[in-house]
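All of the numbers you see were taken from the coordinates with simple rules; none came from a lab. The model shown is predicted, which means the values in this text are computed figures rather than measured ones. For neighbour counting, all protein chains shown are included, and Cβ atoms are generated from backbone atoms with ideal geometry for every residue, glycine included.
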Amino acid sequence: MNMEKSERTALGTNAPKATKDTYGDMRVEGVYKVYRSLVSLADCSFEIPKGKFTCLCGPSGSGKSTLISLLAGYEKPDDGKVLLNNKPMPGPNSDVIVVFQETALLPWKNLMDNTTFGPLMQHKLSRDEANKQAQALIDKSGLTGFEGKHPSQLSGGMQRRAELIRALINKPQVMLFDEPLRGLDAMTRQIMQEYIIKMFEETGMTMFFITSDVDEAIFLGDTVYFLTDRPGKVKTKMEVDLPRPRKLEHLTSERYFQLKGDAIKIVMEEAKGEKLVI
């Protein structure tokens, strides 16, 4: 109970405002990708607008993780384009950061050293400045007092927050999420959804969030794309017109249930192998 209170208290902190000029946009145009002799993506196209929270829903095996690898520059499409600010994605770089399903925290480093690792390795900040910025993010994330703790000493929710602040200190133009809340218990998952929303609404950062959970996509996103089964292709785009700031009470609103009904219909039509026109 105390941990829940601590994690919810972190949501009330005010992060410094950043201008949208510091953030970027991405586009996927007609992407085709073969992975392990299977066509993973075919004629896949969509946009990730600057300063918006974009979600993508798709079944297991539909190419979602392959798509993240392309967006992050880890892989190149066999055909089509992946663009960052209207230019071809040059490869992995600190302008586009990924928060993965599995923790990427270094187990032998404590929270402070994990947070400062990126900017120090890239020689972007001095150690003093990196420590200063890391401490500010740690404080805003409700992790004060855990600076010397290693990942194994943190709860699941704390590890997720540590991943986020480790990404934020690099000041990316776009943040990508590859089902980062998968495997968390229901309460921690809800807390983290609130935390991510708070982080987005305070910074205006461009975010792209992949999930298999329709409820999660609608709660978090401004736009939800739906990916077909393999080979993955964006089938439908749904605009989420729930107000911001986004709050838990929106999950019981009439409009939310209308959106959820539309989303379930899209998913069910795909499961039947039918084409839905909206």
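Rounded to the nearest 20, the size of the Cβ-charge dipole of the chain about its Cα centre is 340 debye, with Lys and Arg at +1 and Asp and Glu at -1.
Charged side chains reduced to their Cβ positions (Lys and Arg at +1, Asp and Glu at -1) give the stretch 226-271 a dipole of some 200 debye around its Cα centre. On a 0 to 90 degree scale, rounded to 10, what angle separates helix 127-140 from the longest Cα axis of the chain? Once rounded, one gets 70 degrees.
The loop-placed chymotrypsin sites (Phe, Trp or Tyr not before Pro) in the stretch 208-251, going by DSSP, include none that has at most 12 neighbouring Cβ atoms within 10 Å of its Cβ.
Can you tell me the orientation of helix 186-203 relative to the chain, as the angle in degrees between its alpha-carbon axis and the longest Cα principal axis, to the nearest 10? Rounded to the nearest ten degrees, it is 80.
Measuring between alpha carbons in the structure, the pairs from 140/198; 50/87; 50/235 lying more than 18 angstrom apart are 50/235. Relative contact order, whole percent, for the stretch 39-152 stands at 20, derived from Cα pairs under 8 Å and 6 or more residues apart. Modelled label positions at residue 244 and residue 45, each set 7 Å beyond Cα in the direction of Cβ, lie 2.6 nm from each other. When shorter helices are ignored and each DSSP H run of at least 4 residues is given -39500 (n - 2.57), the per-residue value for the chain at 222 nm works out to -11000 deg cm²/dmol.
Among the trypsin sites (Lys or Arg not before Pro) found in the stretch 198-270, those both in a DSSP coil and sparsely packed, with 13 or fewer other Cβ atoms within 10 Å of their Cβ, are 247. Among the trypsin sites (Lys or Arg not before Pro) within the stretch 34-129, which fall in a DSSP loop and have no more than 14 other Cβ atoms within 10 Å of their own Cβ? Those satisfying the criteria are 36, 109, 124.
Working from Cα pairs under 8 Å separated by at least six residues, relative contact order for the chain is 27 percent. GNM remark for the chain: springs join alpha carbons under 10 Å apart, and the peak mean-square fluctuation among 264, 169, 138 falls on 264.
Here the chain yields Rg over Rh of 0.96, to two decimals, using C-alpha coordinates and the Kirkwood radius.
Available extension along the chain between residue 38 and residue 22 is 2.0 nm, counting 0.36 nm per residue and deducting the alpha carbon span.
Projecting the Cα positions of 110, 67, 223 onto the charge dipole of the chain (unit charges on Cβ atoms of Lys, Arg, Asp and Glu, taken about the Cα centre) puts 110 furthest along the positive direction. Each Lys and Arg adds +1 at its Cβ and each Asp and Glu adds -1 at its Cβ; summed about the Cα centre, the stretch 156-274 shows a dipole of about 300 debye.
Ranked by how many other Cβ atoms sit within 10 Å of their own Cβ, fewest first, the residues 223, 116 fall in the order 223, 116.
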